[in-house]
Amino acid sequence: MNFEFRTAESNDWDAVAALLTSVNLPLEGAREHLENFILSFDGDELVGVAGMEKYGNVGLLRSVATSRRGIGLGQALVQQALDSAALNGIRRVVLLTTTAADFFPRFGFRPIQREEAPIAAYQSIEFQGACPASSIVMLLEN
Ligand SMILES: CC(C)(COP(=O)(O)OP(=O)(O)OC[C@H]1O[C@@H](n2cnc3c(N)ncnc32)[C@H](O)[C@@H]1OP(=O)(O)O)[C@@H](O)C(=O)NCCC(=O)NCCS
């Protein structure tokens, strides 16, 4: 794997939206938090994304997607997003997923009841309808 990783810029939006759409992940709220998204490129081609919404010392991990599967790219993106959040003082990270609950325990996430999520995270549009009510909610505490 020899990809370039960098933080997203506003003119990356079209490529990010296309990648998220291609894997059926919601776009709602993503553009507003784009500055906290980590991207991975193979040359000029966007091949992966991991996004973080920040609410004080609570983070919401979202928009994790890769187009090159099974080579460690998804894990690298998530780890970078978590490391960056930790450097910014984020101690608790929440996520909602319908498709990848078995992917996230390797980073320390555990499933929780929706009511157990840090209140600050409820500001996220993912809690306000962008993700189905049946989504699994997971929490990482450092
Ligand atoms: C989830 C996703 C980002 C993983 O990316 P990836 O680049 O293939 O992941 P990696 O190569 O770093 O890791 C591969 C490992 O993750 C596991 N994995 C990959 N996708 C998974 C999923 N949807 N659920 C559970 N485990 C998954 C693989 O089985 C493999 O496990 P192993 O290490 O035990 O062999 C990718 O499958 C994807 O884009 N899925 C569609 C979008 C999505 O569902 N995102 C999550 C939304 S919260």
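Nothing in this text is a laboratory measurement; each read-out follows from the coordinates by a stated rule. Predicted model only: the values in this text are computed from it and were never measured. Virtual Cβ from ideal backbone geometry, glycine too; neighbours counted across all protein chains shown.
So the values come out like this:
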item: Number of positions in the range 67-76 that are touching a residue at least 60 places away in the same chain (Cβ under 8 Å) and either at positive phi or away from the ligand (no atom under 12 Å from the Cβ) (or both); result: 1
item: Test: residue in the range 109-117 that is among the β-branched types (V, I, T), part of a loop (DSSP other than H, G, I, E, B) and away from the ligand (no atom under 13 Å from the Cβ); result: no
item: Matching entry among A65, A120, A86 (being under 23 Å from V23 (Cβ atoms) and of a type in the set (A, V, I, L, M, F, W, C)); result: A65
item: Of residues in the range 79-104 being assigned to a helix (DSSP H, G or I) and farther than 16 Å from A30 by Cβ, the one nearest to the ligand (Cβ to nearest atom); result: Q79
item: Given (1) under 15 Å from E9 (Cα atoms); (2) within 13 Å of the chain's Cα centre (by Cα), number of the condition F104 does not satisfy; result: (1)
item: Considering residues of the range 30-60 that are in a loop (DSSP other than H, G, I, E, B) and more than 12 Å from the chain's Cα centre (by Cα) only, the residue nearest to the ligand (Cβ to nearest atom); result: G43
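Table: residues versus (1) loosely packed, with under 13 Cβ neighbours inside 10 Å; (2) in contact (Cβ under 8 Å) with a residue 60 or more places away in the chain; (3) under 27 Å from E141 (Cα atoms).
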position: E4; (1), (2), (3): yes, no, no
position: A15; (1), (2), (3): no, no, no
position: A18; (1), (2), (3): yes, no, no
position: L25; (1), (2), (3): no, no, yes
position: I38; (1), (2), (3): no, no, yes
position: F41; (1), (2), (3): no, no, no
position: E45; (1), (2), (3): yes, no, no
position: A65; (1), (2), (3): no, no, yes
position: V78; (1), (2), (3): no, no, yes
